[in-house]
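Encoded as structure tokens, the structure appears first; notes follow it.
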Amino acid sequence: MSEPARSAQTGNDTPQDPLRRWEVAGVLATLAIVLAVPLRLGVVAARGPRRPASPVALYVGSEACKSCHQAAYDKWRRSHHGLAMAPAREDTVLANFDDATFTEQGKSTRFYRKDGKYFVRTEGPDGRPGDFEVAYTFGWSPLQQYLIPFPGGRLQSLSIAWDVPQKRWFSLYPGQAIPPTDWLHWTRPAQNWNVMCSECHSTGVCKRYDPEHDNYQTTWSEISVGCEACHGPGSAHV
């Protein structure tokens with residue numbers, strides 16, 4: 001074949017090459033889509049049916065652990081964890097509330113009982129003496145503090161504590177004059193249980209602070225440091 005004839009034939013084929021390439025690409029793409037569906041179904045079938053999500057574990061309380069873990073429960077119950085916080089009762093209050101008086105920096109605090117409840121007469125947030133009911137004990141040894149309810153869902157920790165071994169009242173800030181406006185005063189944020197103490201002395205604490213109204217609706221699953229404080233919510237285990 002002469003050179004001009006070969007050139008003419010090549011020129012006639014050139015416009016068809018791109019079309020053929022697009023046709024081949026289209027066929028391959030179609031095969032990929034068609035084959036992908038059964039392949040995907042095969043993978044899902046191999047993995048098995050999808051399992052439902054595990055339910056969220058809930059707190060059930062240390063009492064639920066007792067039947068299977070009696071020995072551990074008995075040790076825990078009278079431990080510092082088991083007694084980290086409790087309602088103020090005859091069997092939980094260690095301090096002298098028999099009309100006892102403690103004086104520090106010229107300010108006197110009186111501890112007394114009335115109608116089976118425990119009270120403190122001491123300097124309040126306004127600087128004047130007031131009577132405050134103790135709601136909870138806080139700690140067991142070597143010292144025990146006392147929590148007093150305040151407006152806005154607050155629990156305030158009295159900064160005069162009971163020395164358990166020496167059986168005496170003492171100030172957490174000996175020799176210091178702390179006015180009611182001071183951050184360290186027992187009515188102020190430094191002694192606020194909700195923020196400063198709750199997570200370590202109770203189990204499953206939810207502080208639930210409302211900044212708009214500046215109040216707390218704090219809850220807990222267990223008032224002391226229970227089994228689930230370390231082991232986590234136990235509903236799935238139980």
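The values are calculated or read from the model by the stated rules, or taken from the named source; none is laboratory data. Just so it is clear, the model here is predicted, and its values are computed rather than measured. Cβ sites come from the backbone with ideal geometry, for glycine too, and all protein chains shown count toward neighbours. Areas reflect the complete protein model, heavy atoms only, side chains present, ligands, DNA and RNA absent. Shrake-Rupley method; radii C 1.70, N 1.55, O 1.52, S 1.80 Å.
Would you mind calculating the relative contact order of the range 144-224 from Cα pairs under 8 angstrom and at least 6 residues apart, reporting the percent as a whole number?
24
Check the straight Cα-Cα distances from K207 and name the aspartates and glutamates below 14 Å, setting aside those fewer than 8 residues away within the same chain.
In chain and number order, the partners are E199, E222.
Can you list the aspartates and glutamates whose alpha carbon sits under 12 Å from that of K66, skipping same-chain ones fewer than 8 residues off?
Hits, sequence-local ones excluded: D74.
Around M196, under 14 Å between beta carbons, what's the net of Lys plus Arg minus Asp minus Glu among the other residues?
So the surrounding residues net to +2.
Cα gyration tensor of the range 171-218, axes a ≥ b ≥ c as square roots of the eigenvalues: rounded (a/c below 1.5), prolate (a/b > b/c) or oblate?
It comes out oblate by the Cα gyration axes.
Near L143, within a Cβ-to-Cβ distance under 13 Å, what is the net charge of the other residues, with Lys and Arg +1 and Asp and Glu -1?
+1
Let me make sure I get this right: for the range 70-214, a, b and c are the square roots of the gyration tensor eigenvalues over alpha carbons, sorted descending. Under 1.5 in a/c it's rounded, otherwise prolate if a/b > b/c, else oblate. Which is it? Before the final figure, lay out the partial values.
Details: a/c = 1.76, a/b = 1.18, b/c = 1.50.
Note, shape of the range 70-214 comes out oblate.
Could you tell me the accessible area of S202 in Å² (1.4 Å probe, neighbours in place), rounded to the nearest ten?
The value for S202 is about 10 Å².
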